[in-house]
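Below is one structure, written out as structure tokens, with a few remarks after it.
The values are calculated or read from the model by the stated rules, or taken from the named source; none is laboratory data. Note that the coordinates shown come from a computational prediction; the quantities given were computed from them, not determined experimentally. Every residue, glycine as well, gets a Cβ built from its backbone with ideal geometry; the counts of neighbours run over all protein chains shown. Ligands, DNA and RNA are stripped out before the accessible areas are found, and what is left, the full protein with its side chains, is counted by its heavy atoms. Shrake-Rupley method; radii C 1.70, N 1.55, O 1.52, S 1.80 Å.
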Amino acid sequence: MFRLFSGVYLGWGLGANDAANVFGTGVATGVVKYRTAVLLTSIFVIIGALVQGSRGMHTIGALTDVDINTAFIASLAAALTINVLTVLAIPVSTSQAIVGAILAVGLLGRGVHLAILLKVLLSWISSPIAAALISYLLYRGLGSLFETRVSNVRIWSLIMKIGFYTVGVYGAYALGANNVANTTGVFLSAGMLTPFTAALVGGVSIGIGVFTYSKRVMYTVGMGITQMSEFAGLIAILGQDITVHIFSWIGVPVSTSQAIVGAVTGVGLVKSSSAVNYSVLGRIALGWLSTPIAAFVIAFALLKLYGLLF
Amino acid sequence: MAFFIHKKEKHIVQKIKEHADAVVETVYLVNDALNLLLEGKKQESKEATKKVHKREHEADIIQREIDTEMFGGAFMPSLREGLFITVDTVDKVANRAEKLGDFMTLIEPDIPQEIREDVRQMGEVTCRCAEKLRDAIYNLFDNKKDVQEDTVEIERYEALVDKLAWRVLETVFKKLDIEKFSHRMALREMVIHLSSISNKMEDAADRIDIIGLRLKS
């Protein structure tokens, strides 16, 4: 059972980092109290994981054949990758880390299912684009409606408050539904957990990460997004939430950090075509390469070490 | 909880409107005192100034109530901050009106016939400016589309007051044969006090504009 620790550890890191993308702006603008945000995020992450987390788990599990030991190593390698790249300030994604680690398992084992790998790769590339498109359309549609229909300050304030809570809760649900597969998906395919217990353990570990270590990231990310108007920030988060939720239906875990960057770009494009920040997009591309490669290398090294020792 | 906050915000909006009413009334009352002084009715002008004090004090009390209630967590935090500053700036309009009243009461300057019409007009335009300030504040909570129109009008009236003030000062210092320099300086100070009321209204209009911009999508 101790092997499950690596999955819990990965989930903890995911919760600590990614909760910022759903409630960061609400907290940074002072609309939502930090304690309320972490409580709501933890609850809805678990609900999302339990209700809709299984599709992503099957995808992750179907990438290659894993046993209990290789599941442990893949999960540990992904967690170490997250830690190392975070320390090196290189953009990192849990979804990409776990896939990179699983590929190493597949390469040294019984191979990788290429069709599923292709589906995952296409999802990674399309998720920020989808987020940009969704946010662009939402901002275009709702922006003018919001400006013409909301006739006074008090109503504006009320809508924004309700909005930040709603997109935060929805985002937490989508995060749980989409990303829980990263934490315990490999243990499900190794036969160590049932779908329910995998979702529960993964969801709870993400929740613990949110509860214990998300404050600093939440404020940093939140302050970054609040450079925009509050309405634009709200739409960007909603765009991210919808995107992540769509990919939960498709059954591929994607990066919420990359989705939010895409969503912010989409909102910016409504105002000006020069809103595209190429350096940020470059960092996403760097994340696509660096995270799976680093996870692959670490997992490969751990598997070789395991082979030598046992 | 949401219903409670909704009710509380409604109450604060009502208070902000009451505060605007009190401030505008203060401006009207000081204008009355000014007109009485222009007519040479110094004692009546003093009595009118007492009303300015009373209304300004009432505005202060309302402002404190608004601050206390808003501090309890009403509105979006960014909007709350904007409203705090706006109400405070609007309150300064009443303070300026009070200062003009005090000056007229203490110094009782003799106003030469040649500048009386311009000074009277300054007071008149200042009152119109105050009306527009009230409209802008009301429209923030009733019909935000009209707010910018109101603030543009405030700026126009403020510019008009400045123009009149310049003309009065030019007359006092270059055209009139006033024996004592201290008399010229007293008239100058009175004109500056009077024009500072609309200047403060312009500051408040800027604050209101900022809130309006924040609401844009």
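Summary of values
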{"item": "Which listed residue is outside any helix (DSSP H, G or I) and either open to solvent by 60 Å² or more (accessible area, probe 1.4 Å) or farther than 25 Å from B:ASP102 by Cα (or both), from B:ASP209, B:ASP150, B:ASP177", "result": "B:ASP177"}
{"item": "Test: residue in region A:42-57 that is within 14 Å of chain B (Cβ to nearest Cβ) and either hydrophobic (A, V, I, L, M, F, W, C) or out of contact with any Leu (no Cβ under 7 Å at 6 or more places or on another chain) (or both)", "result": "no"}
{"item": "Some residue of region A:117-137 being within 18 Å of the chain's Cα centre (by Cα), assigned to a loop (DSSP other than H, G, I, E, B) and under 24 Å from A:ALA174 (Cβ atoms)", "result": "no"}
{"item": "Residue that is open to solvent by 10 Å² or more (accessible area, probe 1.4 Å), within 14 Å of A:PHE211 (Cα to Cα) and in a helix (DSSP H, G or I), where the choices are A:THR41, A:THR86, A:THR36, A:THR70", "result": "A:THR36"}
{"item": "Odd one out for A:PRO91 among (1) closer than 23 Å to A:GLY307 by Cβ; (2) not in a helix (DSSP H, G or I); (3) not charged (D, E, K, R)", "result": "(1)"}
{"item": "Flag for A:VAL297 being in a helix (DSSP H, G or I), farther than 22 Å from A:ILE159 by Cα and open to solvent by 30 Å² or more (accessible area, probe 1.4 Å)", "result": "yes"}
{"item": "Any hit, region A:144-158, residues being open to solvent by less than 30 Å² (accessible area, probe 1.4 Å), within 10 Å of chain B (Cβ to nearest Cβ) and in contact (Cβ under 8 Å) with a residue 60 or more places away in the chain", "result": "yes"}
{"item": "Residues that are closer than 23 Å to A:VAL267 by Cα, in contact (Cβ under 8 Å) with a residue 60 or more places away in the chain and of a type in the set (Val, Ile, Thr), drawn from region A:159-191", "result": "A:VAL167, A:VAL169"}
{"item": "Residues located in region A:44-65, provided they are aliphatic (A, V, I, L, M) and open to solvent by less than 20 Å² (accessible area, probe 1.4 Å)", "result": "A:VAL45, A:ALA49, A:MET57, A:ILE60, A:LEU63"}
{"item": "Residues satisfying the stated conditions in region B:69-117, i.e. aromatic (Phe, Trp, Tyr), more than 21 Å from B:ASP206 (Cβ to Cβ) and within 14 Å of chain A (Cβ to nearest Cβ)", "result": "B:PHE71"}
{"item": "Residue in region A:273-291 that is out of contact with any Cys (no Cβ under 9 Å at 6 or more places or on another chain), over 24 Å from A:GLY24 (Cα atoms) and not hydroxyl-bearing (Ser, Thr, Tyr) present", "result": "yes"}
{"item": "From the options A:ALA131, A:ALA115, residue that is of a type in the set (A, V, I, L, M) and in contact (Cβ under 8 Å) with a residue 12 or more places away in the chain", "result": "A:ALA131"}
{"item": "Flag for A:ALA174 being crowded, with 21+ Cβ neighbours inside 10 Å, in contact with a His (Cβ under 7 Å, 6 or more places away or on another chain) and either among the basic types (Lys, Arg) or away from chain B (no Cβ under 14 Å) (or both)", "result": "yes"}
{"item": "Members of region A:1-21 that are among the hydrophobic types (A, V, I, L, M, F, W, C) and modelled with pLDDT of 90 or more", "result": "A:LEU4, A:PHE5, A:VAL8, A:LEU10, A:TRP12, A:LEU14"}
{"item": "Residue in region A:228-259 that is surrounded by the fewest Cβ atoms within 10 Å (Cβ to Cβ), counting only those that are polar (S, T, N, Q) and either away from chain B (no Cβ under 14 Å) or in contact (Cβ under 8 Å) with a residue 24 or more places away in the chain (or both)", "result": "A:SER257"}
{"item": "Residue that is nearest to the other protein chains (Cβ to nearest Cβ), among those in region B:3-36 that are over 25 Å from B:PHE71 (Cβ atoms) and open to solvent by 10 Å² or more (accessible area, probe 1.4 Å)", "result": "B:GLU25"}
{"item": "Candidate set from region B:188-217 (those that are within 30 Å of A:PHE231 (Cα to Cα) and small (Gly, Ala, Ser)); member that is nearest to the other protein chains (Cβ to nearest Cβ)", "result": "B:SER217"}
{"item": "Single residue of region A:101-116 satisfying the filter (open to solvent by 60 Å² or more (accessible area, probe 1.4 Å) and outside any helix (DSSP H, G or I)) that is nearest to the other protein chains (Cβ to nearest Cβ)", "result": "A:HIS113"}
